[in-house]
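Here the structure is laid out as structure tokens; the discussion comes afterwards.
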Amino acid sequence: MILFKTEAGQQALKDRSVGVTPRQRSAFILFDGKRTMDEVIGAGLGVTRGDIEQMMTLGLLVPADGAVPTQASVAPVPAAAAGAAAPSPASAPAMSHQQRYQAAYPIATRLTAGLGLRGFKLNLAVEAATNWEELVGLAPKIRVAVGADRAIELDRALGI
């Protein structure tokens, strides 16, 4: 299936209003209306069919033939990836490190992107973080840069 970026998808990725992983962001760039989903999956980015289907569900990508994906073919979007609030402390212990990373990454990018030029290097470090441990390592720097009160949401998502 050939996919291309929607206008809303381009804007959402530009202003970081939708939480996507670094792999999804890289795959999003490759969709040009010429490459198939299988070609992008095979590009070696580590993106899965589920990642791409999630971007379709979020309205970032659409099939070139105009077909609308059915619910049976599209995986549901996790609440954290859709930009929902961080999980409550009661549900936090049941989350894996990967789930915590997926919940915390969009929060960390939003916080650091809001710093402008003074947070540019920190924002690059967050975007380069590929797992929970790396985000936890950056959390103290983010807390100092944005303030403890604004970093609470990130701390909850990371479980620290």
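The values are calculated or read from the model by the stated rules, or taken from the named source; none is laboratory data. Only a predicted model underlies this, so the values are computations on that prediction, with no experimental measurement involved. Here Cβ is always computed from backbone atoms with ideal geometry, including for glycine, and neighbour counts include all displayed protein chains.
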### Query
On the given criteria, is residue 39 over 28 Å from residue 137 (Cβ atoms), modelled with pLDDT under 85 and outside the structural domain of residue 132 (by TED's automatic domain parsing)?
no
### Query
Within the group 11, 24, which residue is more than 17 Å from residue 102 (Cα to Cα) and of a type in the set (S, T, N, Q)?
11
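Determine whether residue 26 is of a type in the set (Gly, Ala, Ser), at pLDDT below 85, out of contact with any Gly (no Cβ under 7 Å at 6 or more places or on another chain) and not assigned by TED's automatic domain parsing to the domain that holds residue 141. So that I can check it myself, show each step before the final result.
Values: of a type in the set (Gly, Ala, Ser): yes; at pLDDT below 85: yes; out of contact with any Gly (no Cβ under 7 Å at 6 or more places or on another chain): yes; not assigned by TED's automatic domain parsing to the domain that holds residue 141: yes.
Yes, satisfied.
What helices (runs of 4 or more DSSP H), lying completely within region 96-160, carry at least 2 residues that are at pLDDT below 90, more than 27 Å from residue 50 (Cβ to Cβ) and within 14 Å of the chain's Cα centre (by Cα)?
Details: elements: 97-113, 120-128, 132-146, 148-158.
By residue number, no helices (runs of 4 or more DSSP H) qualify.
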### Query
For region 43-60, which residues satisfy the criterion of being in contact with a helix residue (DSSP H, G or I) (Cβ under 8 Å, 6 or more places away or on another chain) and surrounded by 20 or more Cβ atoms within 10 Å (Cβ to Cβ)?
47, 51, 52, 54, 55, 58, 60
### Message
Out of the residues in region 113-138 meeting the condition of being closer than 20 Å to residue 99 by Cα and free of Cβ contacts under 8 Å to residues at least 24 places away in the same chain, tell me which one is surrounded by the most Cβ atoms within 10 Å (Cβ to Cβ).
### Response
126
### Query
Filter region 46-72 for residues that are in a loop (DSSP other than H, G, I, E, B), over 15 Å from residue 7 (Cβ atoms) and modelled with pLDDT of 80 or more; which is nearest to the chain's Cα centre (by Cα)?
47
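Please determine whether any residue of region 4-26 is of a type in the set (Phe, Trp, Tyr), outside any loop (DSSP other than H, G, I, E, B) and within 16 Å of the chain's Cα centre (by Cα).
Checked against the condition, which is being of a type in the set (Phe, Trp, Tyr), outside any loop (DSSP other than H, G, I, E, B) and within 16 Å of the chain's Cα centre (by Cα), region 4-26 yields no hits at all.
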